[in-house]
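> Questions regarding the structure given below will be posed in turn.
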Ligand SMILES: *Cc1c(COP(=O)(O)O)cnc(C)c1O
């Protein structure tokens, strides 16, 4: 059972019914699901969550699937929030937490979004899905589509990490390797989708992946006993997590689960592809496409994001910031955090560690601040990138 009511455009306030299969608004903006939060608050209480399944489905009423028979799940979400004591001590912070998204079914947090997108696609009778992917999203869609009995068409840059290419095939997806970037993959899908009958689940070009990603915000609140951290550092590509968590905080406040305080949201990108950082620094509301995007952090190799204005809005509303780190900085952090905390980080997660170190040195984060960083995927998916390094 869900309290989802309708789909709304955050730019022009256009509205859509939940039984319509939608992508972007006619104005070009991403669409978001709106809930009847007053009713939700009367039924779902914080104590009522106790004893529910340790998956993102513990927030069932705040997710958009109408009928339980359409839930396609592999046990995703409710990942551990691990205290990073060694790192906190080294950087003289009171507390640093790692949200370990590597512990999702296909090894990355893309599972949260694609679980919801595939469940809703199933509910609305979709038979074929297409996705452009910088890496992990392709593997994740392939897994959930296989489980739902839906055809998956995955388009990836040809230099995507081997694990992502191999897993898509093993899940039975139709994989096309493209000589270009994720944006080129997206263009191919846009051209072919009408003729092929594909539902396009590109990042934020349908309203459901962000609903899955918002559960990270619910989980962090619940795992910290409903007191949000002071700072959240998020490795940003298309921005679903950033936008999703920001939405979750607003929903929770409206239900009376949390107060008005918000974490300062920090967006970290790779110095070889940092369109959001550049726009933030220049004080812009939207981001220009990044030319010649290049980084080993494949999840951050997103030269242009359709939800740029929503990310920039959340960063500014939260008094947050945006910064980029080099591939060398990321790669140097992987063995450091591995030794310090026993967690094998992906390059995108390691970008959060590099950002934490930089913001600590700059005193932008204070020693008394509680900080949450993300390990968004397992380092095991990047063996070809890491081979030969210490
Ligand atoms: C996709 C991805 C990201 C970026 O997530 P967005 O929500 O698209 O900003 C970060 N890290 C990894 C490992 C990813 O796969």
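> Just to be sure I understand the curve: with the Debye formula and one point per C-alpha of region 314-367, what is log10 I(q)/I(0) at q = 0.31 Å⁻¹?
Each listed q maps to, in turn, -1.14.
> Per residue, what volume in Å³ does the Cα convex hull of region 339-379 take up?
On the way: hull volume 3.1 nm³, N = 41.
About 74 Å³ per residue, rounded to a whole number.
> With Rg and the Kirkwood Rh both taken from Cα atoms, where does Rg over Rh land for the chain?
0.93
> Report, largest value first, the span of the C-alpha coordinates of region 253-390 along each principal axis, in whole Å.
48, 37, 31
> Let's test the formula: R0 of 22 Å, r as the Cβ-Cβ distance of residue 362 and residue 281. What FRET efficiency results, to the nearest 0.05? It would help to have the intermediate numbers written out before the result.
Working: r = 14 Å, r/R0 = 0.64.
The formula returns an efficiency of 0.95 here.
> Separate question: If packing is taken as the mean number of other Cβ atoms within 10 Å per residue, what is the order of 11-18, 303-310, highest first? Display every interim value, and only then the final one.
Details: 11-18: 13.2, 303-310: 20.8.
Answer by packing, highest mean first, reads 303-310, 11-18.
> Of the listed peptides 198-204, 241-247, 165-171, what is their order by residue-averaged count of other C-beta atoms within 10 Å, with the highest listed first? Don't skip to the end; give the middle numbers.
Working: 198-204: 23.3, 241-247: 25.9, 165-171: 17.6.
Result, highest mean Cβ count within 10 Å first: 241-247, 198-204, 165-171.
> Just need the relative contact order of region 241-390 here, percent rounded to a whole number, with Cα pairs under 8 Å and 6+ apart.
Across region 241-390, relative contact order equals 21 percent.
> Could you quote the convex hull projected area for region 92-198, Cα atoms only and averaged over all directions, in nm²?
On the way: hull surface 33.5 nm².
The orientation-averaged projected area of the Cα hull of region 92-198 comes to 8.4 nm².
> Pairs of alpha-carbon atoms within less than 8 angstrom and 6+ residues apart define the contacts here; what relative contact order does region 15-114 have, in percent? List each step's numbers first, then the result.
On the way: 76 pairs, mean separation 17.7, N = 100.
Value for region 15-114: 18 percent.
> For the ranges 212-221, 108-117, 42-51, what's the packing order if you count other beta-carbon atoms within 10 Å of each residue, average per peptide, and put the highest first? Could the numbers behind the result be given before it?
Values: 212-221: 25.6, 108-117: 30.8, 42-51: 11.8.
So the peptides 212-221, 108-117, 42-51, ranked by packing, come out 108-117, 212-221, 42-51.
> Can you compute the equivalent ellipsoid semi-axes for region 1-91, i.e. the square root of 5 times each eigenvalue of the Cα gyration tensor, sorted largest first and rounded to whole Å? Numbers along the way, then the final one.
Values: eigenvalues 185, 82, 40 Å².
Ellipsoid half-lengths, sorted descending, are 30, 20, 14 Å.
> Considering Cα pairs under 8 angstrom that are at least six residues apart, work out the relative contact order of region 82-189 and quote it in whole percent. If you can, show how the numbers build up before the last one.
Details: 172 pairs, mean separation 22.8, N = 108.
With pairs under 8 Å counted, the relative contact order is 21 percent.
> Right, another one. Taking the inverse of the average 1/r across all pairs of different Cα atoms in region 71-146, what Kirkwood radius in Å do you get? Present the calculation step by step, with values, prior to reporting the outcome.
Values: mean 1/r = 0.0714 Å⁻¹.
For region 71-146, the Kirkwood estimate is 14.0 Å.
> Here is a further query. Residue 254 versus residue 187, label points 7 Å from Cα toward the beta carbon: distance in nm?
3.8 nm
> Pull up the DSSP beta bridges for the chain and report the antiparallel fraction as a percent, rounded to 5. Walk me through the numbers on the way to the answer.
On the way: 12 of 43 bridges.
Bridges in the chain that DSSP calls antiparallel: roughly 30 percent.
> Something else about it: Calculate log10 I(q)/I(0) of region 197-292 for q = 0.15, 0.16, 0.19, 0.20 Å⁻¹, where I(q) comes from the Debye formula with a single equal point scatterer on each Cα and nothing for solvent.
Once normalised to I(0) and log-transformed, intensities are -0.69, -0.77, -0.98, -1.04.
> Starting from the Cα-Cα distance between residue 317 and residue 158, subtract it from 0.36 nm times their residue separation and give me the gain in nm to one decimal. Don't skip to the answer; put the middle values down first.
Details: separation 159, 0.36 × 159 = 57.24 nm, distance 3.77 nm.
Roughly 53.5 nm would be gained on extension.
> Would you compute, from DSSP H runs of 4+ residues alone, the mean residue ellipticity of the chain at 222 nm, taking -39500 (n - 2.57) per run and dividing by the full residue count, rounded to the nearest 500? Spell out each step's value before the answer.
Details: 13 runs with 145 residues, N = 390.
The helix-only estimate for the chain comes to -11500 deg cm²/dmol at 222 nm.
Each value in this text was obtained by applying a stated rule to the coordinates, not by laboratory testing. Bear in mind that the values here come from a model prediction, so they are computed numbers and not experimental data. We place every Cβ from the backbone using ideal geometry, glycine too, and count neighbours over all the protein chains shown.
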